[in-house]
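The structure appears right after this line, and notes come after that.
The values are calculated or read from the model by the stated rules, or taken from the named source; none is laboratory data. Please read these numbers as outputs of a predicted model, since none were measured by experiment. Backbone-built Cβ (ideal geometry, glycine too); neighbour counts: all protein chains shown.
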Amino acid sequence: MNTKVKNKYAVPALDKGLDILEYLANKGSACSQSEIATGLDRSANEIYRVLVGLESRGYLIRDEFSGRYSLSLKLYNLSRSISPIDQVRQCAIPYMEDLVVSVGQSCYLTMLYQSQAMTVVQARSHSAMHLSIAEGSLFTLSKSTAGQLLLANSNEHVRSMLIEHDKNYSKLKSKDLSKFHQELNDIAEQGQLVQGNPIISGVTDFSVPIGKPNAKLIAALSISSFDAALTSRVNTHAMIEELKSTATKITSLLNS
């Protein structure tokens with residue numbers, strides 16, 4: 001259950017609290033103290049004070065009869081107050097829907113989340129041959145074209161942290177790491193990334209940034225297309241130009 005990254009600044013009590021919240025969210029039903037402890041491979045006594053603290057702060061609800069714990073709506077309400085993501089979604093959706101009509105392929109918007117690339121919104125095509133990336137999907141940066149683009153456009157501090165948390169990138173030796181940083185700089189300078197999908201063969205990914213490099217708020221607008229779906233009407237050049245035009249409109253609206 002626990003897949004925590006080693007962290008020299010770890011705060012044990014905080015880790016326990018987050019483990020409990022994540023466990024209950026994934027479980028989807030109320031659990032007793034002993035069930036939570038077993039699920040987290042901890043002792044019941046070890047998590048008792050944390051459960052009490054989470055309940056007193058309103059994150060958990062404890063049934064007075066069964067004693068079982070469930071998540072309250074506090075986390076949901078907090079998530080709804082994260083305005084940057086909502087703002088990006090609201091600005092992007094109309095333009096993304098226009099893009100889908102223009103190129104006949106689904107497009108999706110990706111942002112950084114817990115050192116991964118998360119799809120926050122998708123505009124789905126109704127054409128006979130298209131790929132869809134479900135909202136909420138998480139990908140490691142090294143296994144996602146959008147993730148690689150976001151990494152390239154992140155500031156130096158964020159980039160270093162992201163590389164450290166990606167097990168494929170963190171294994172790079174000093175010489176290879178220096179070369180890798182230069183490749184990321186080249187991607188950022190080009191303002192786009194077109195390559196074969198790192199996971200699915202026969203698929204080409206097109207990705208461009210929304211926002212400015214090194215900014216606090218960046219996103220990637222992407223299309224993953226079956227190679228067979230690329231035609232003379234919508235070829236590689238046309239696809240990237242349509243993406244760039246859409247990304248520029250979204251960025252301008254965000255900055256207005």
Filter result (more than 19 Å from the chain's Cα centre (by Cα) and either part of a strand (DSSP E or B) or exposed (fewer than 12 other Cβ atoms within 10 Å of the Cβ) (or both)) within segment 162-178:
LYS171, LYS173, SER174, LYS175, ASP176, SER178
Tell me yes or no: at least one residue of segment 109-122 is under 15 Å from ASN197 (Cα atoms) and surrounded by fewer than 20 Cβ atoms within 10 Å (Cβ to Cβ).
no
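Each row is one residue, and each column tells you yes or no for (1) out of contact with any His (no Cβ under 9 Å at 6 or more places or on another chain); (2) at pLDDT 95 or above; (3) acidic (Asp, Glu); (4) within 23 Å of LEU78 (Cα to Cα).
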| site | (1), (2), (3), (4) |
| --- | --- |
| ALA10 | yes, no, no, no |
| ASP15 | yes, no, yes, yes |
| ALA25 | yes, no, no, yes |
| GLY28 | yes, no, no, yes |
| GLU35 | yes, yes, yes, no |
| ALA44 | yes, no, no, no |
| VAL50 | yes, yes, no, yes |
| LEU60 | yes, yes, no, yes |
| ASP63 | yes, no, yes, yes |
Kindly check whether there is at least one residue in segment 242-255 that is of a type in the set (A, V, I, L, M, F, W, C) and either surrounded by fewer than 14 Cβ atoms within 10 Å (Cβ to Cβ) or at pLDDT below 90 (or both).
yes
Inside segment 39-68, can you point out the residues that are free of Cβ contacts under 8 Å to residues at least 12 places away in the same chain, loosely packed, with under 11 Cβ neighbours inside 10 Å and either more than 14 Å from LYS16 (Cα to Cα) or aliphatic (A, V, I, L, M) (or both)?
SER56, GLU64, PHE65
Just one of (1) more than 21 Å from the chain's Cα centre (by Cα); (2) crowded, with 20+ Cβ neighbours inside 10 Å; (3) touching a residue at least 40 places away in the same chain (Cβ under 8 Å) trips up ILE36, so point out which.
(3)
